[in-house]
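Bear in mind these aren't lab numbers, they're just calculated from the coordinates by the rules spelled out. What you see is a predicted model; the values in this text were computed from it and never measured. Note: ideal-geometry Cβ built from the backbone for every residue, glycine included; neighbour counts use all protein chains shown.
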Amino acid sequence: MITGKNYIGNIRSSEGTKTFTTFNPQENKRNTSVITEASIEEIDKAVALAANAFQVYSNKTGLEKACFLRAIADEIEALGTALIEVYTSESGLAAARAMGERGRTVGQLRAFALHIEEGTWVAASIDTAQPERQPVAKIDLRKMNIALGPIVVFGASNFPFAFSTAGGDTAAALAAGCPVIVKSHPMHAGTGELVASAIIKAAQKTGMPNGVFSNLNSSGIEVGQALVKHPSIKGVGFTGSIRAGRALFDLAAKRPEPIPVFAEMGSVNPVIFLPEALNEKAVDWAKIYAGSITLGAGQFCTNPGLLLGIAGEGLNQFGLTLAEEIIKIAPTCMLHPTICDAYESNKAKVVSQEGVSVLVDYEDTSQNNYGRQIVSKVSGAVFLENPTLHLEVFGPSSLLVICKDAAQLVQIVNNLEGQLTGTIIATDSEIAANPSIVSALQNRVGRIIFNGVPTGVEVCPSMQHGGPYPASTDARFTAVGVDSIKRWVRPFSFQAWPNNLLPAALKNENPLAILRTVDGVKTRNKI
Ligand code: NAP
């Protein structure tokens, strides 16, 4: 049952006076549960609990934390269909999507459990003493990653499970040994509360300290800002718009003690179509891209919003078929009327720009809050001159840019803002013959795709989900996969420290049997 209360550590609490409700975009009506926004006093309590919990939780072993993460996954699954129903009622997304995303979320938690149970992730590095070294003796130094401190995670509107309450950032921070305070996304606050209840249950069952997790409701920017400014908070995870991500990044940088903000923000995910590939398979690629552009009503950070090609018969064929195919796809519900309104106005802004023409526009407006697809077209020269055309239009929209030649295509790619992904559709010989296009794209993105689509983000250690700004605020880190644990740690060295007082990962005996670097050699051996 949804109570609308916050979780201040293990306690449900609703001391604030500001309330709000979520919205069912499918039924175009408000949901009935009343959610109470966290008060300043509740924010302070949650942070104080997290700071206390950090002292205990950061010293839990990998096995203990893994047990906690697995229990969270189990408790989320135990919520069953009730959770799926709340998810769909607050997001407009289908039950099948909810179940898939729940699977991904519990899969992430279990993957982190395995990762920390094994333990090598701490990157233990040991340089033993050499008292005889000339001209000066070398001292014993041992380094490993340790937890950063209490972390704030902002739930993302477009992933109520996988990038929200128990999503990637939460799983990674808890795995690292950091207590987490979630600033719940107001669009799916009920879903957030249910998932939070699963985390709290798991924490209690596995003996984790009170304050290891809190969930705070909000319907405005105040709660998030108060959390980011709080001196006991040591890091922030965010997924959403450039405007909000940048505001939080600036806020964190202005603190007396600046802290890292790992924000994953907008991206238009350019796709380059080279002529030979289109001459061979323009129709096939058009069908595939009609599906990718409209997937999930285009509400994915990897949605292909920019299609680049060189003028010619293949590109003409591609554009015509894309228009024919995309119009056959039935539009689907967007997350919220505000997201749908933003989509409509951003679409209108693009098509009102000089030199832009509409290739295809789904015009049936009978369904409220549905994302009606559009593909527009512009020349390379106009695109280069107009920064408005470079902005993300969050929804099923894509802009086809007709470049006059390969040189103009490279110029456009070089001028693009940082992106999560870049895709090249080419024959083998074409990709080999165009290293300048490949290297230009590699410079602007975090992940490069050959003959595929950018939508569909596999969760595995080799995934890089993050790219040069503004795709993310720090391109060195990923938001997806077990490597994202690196966001929430800092390297720490012990100098000449007694063996019996060292953490297990750095002891001579290597009791965790982890892979370490000892005097420059990777080994699991004892010292
Ligand atoms: P958003 O505007 O980025 O907001 C995300 C969260 O940040 C919300 O919880 C919001 O709090 C908070 N926030 C916003 N501005 C803030 C500020 N100045 N200071 C502190 N907190 C702030 O995202 P959204 O509301 O989910 O969606 C709006 C637009 O974001 C979409 O239309 C889309 O363009 C973009 N978006 C992009 C992606 C992507 O993956 N690229 C994903 C989701 C959304 P409150 O809501 O409580 O005010």
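Side notes on the structure shown:
- Antiparallel DSSP beta bridges within the chain, as percent of all bridges there, nearest 5: 40 percent
- The alpha-carbon of LYS281 sits under 24 angstrom from the alpha-carbons of these lysines, leaving out residues fewer than 8 places away in its chain: LYS328, LYS377, LYS404.
- Zone residues, the stretch 269-299, relative to ALA244, backbone N less than 20 Å from point 7 Å out along Cα-to-Cβ: 269, 296-299
- Between ARG30 and ALA253, full extension at 0.36 nm per residue minus the direct alpha carbon distance yields a gain of 76.6 nm.
- Which listed pairs, of LYS254/LYS347; LYS18/LYS234; LYS65/LYS138; LYS18/LYS65; LYS65/LYS254; LYS65/LYS143, have C-alpha distances above 30 Å, in listed order: LYS254/LYS347; LYS65/LYS138; LYS18/LYS65; LYS65/LYS254
- Reachable aspartates and glutamates, given that their alpha-carbon falls under 13 Å from the alpha-carbon of LYS205 and they are not under 8 places away in the same chain: GLU64, ASP74, GLU75
- Paramagnetic reach from GLU77 (point 7 Å along Cα→Cβ, amide N under 16 Å) across the stretch 94-114: 99-114
- The stretch 400-417 and the stretch 140-195 have their alpha-carbon centroids 38 Å apart.
- Gain in span if fully extended, ASN500 to VAL521, counting 0.36 nm per residue against the direct Cα distance: 5.3 nm
- Relative to the longest principal axis of the Cα atoms of the chain, helix 40-57 runs at roughly 60 degrees.
- Here the gap between ASN415 and THR338, fully extended at 0.36 nm per residue and compared with their Cα-Cα distance, gives a gain of 24.7 nm.
- Principal-axis analysis of the Cα atoms of the chain puts helix 189-205 at an angle of about 30° to the longest axis.
- Under the convention that each Lys and Arg Cβ holds +1 and each Asp and Glu Cβ holds -1, the size of the dipole of the stretch 96-240 around its Cα centre is about 100 debye.
- From phi via Karplus (6.51, -1.76, 1.60), per-residue ³J(HN,Hα) for the stretch 12-21 in Hz, x at Gly/Pro: 6, 8, 9, 7, x, 10, 8, 10, 7, 10
- Long-range amide H partners of LEU359 with built H, under 5 Å: VAL375, SER376, LYS377
- Beta bridges assigned by DSSP with both partners in the stretch 270-450 are antiparallel in approximately 20 percent of cases.
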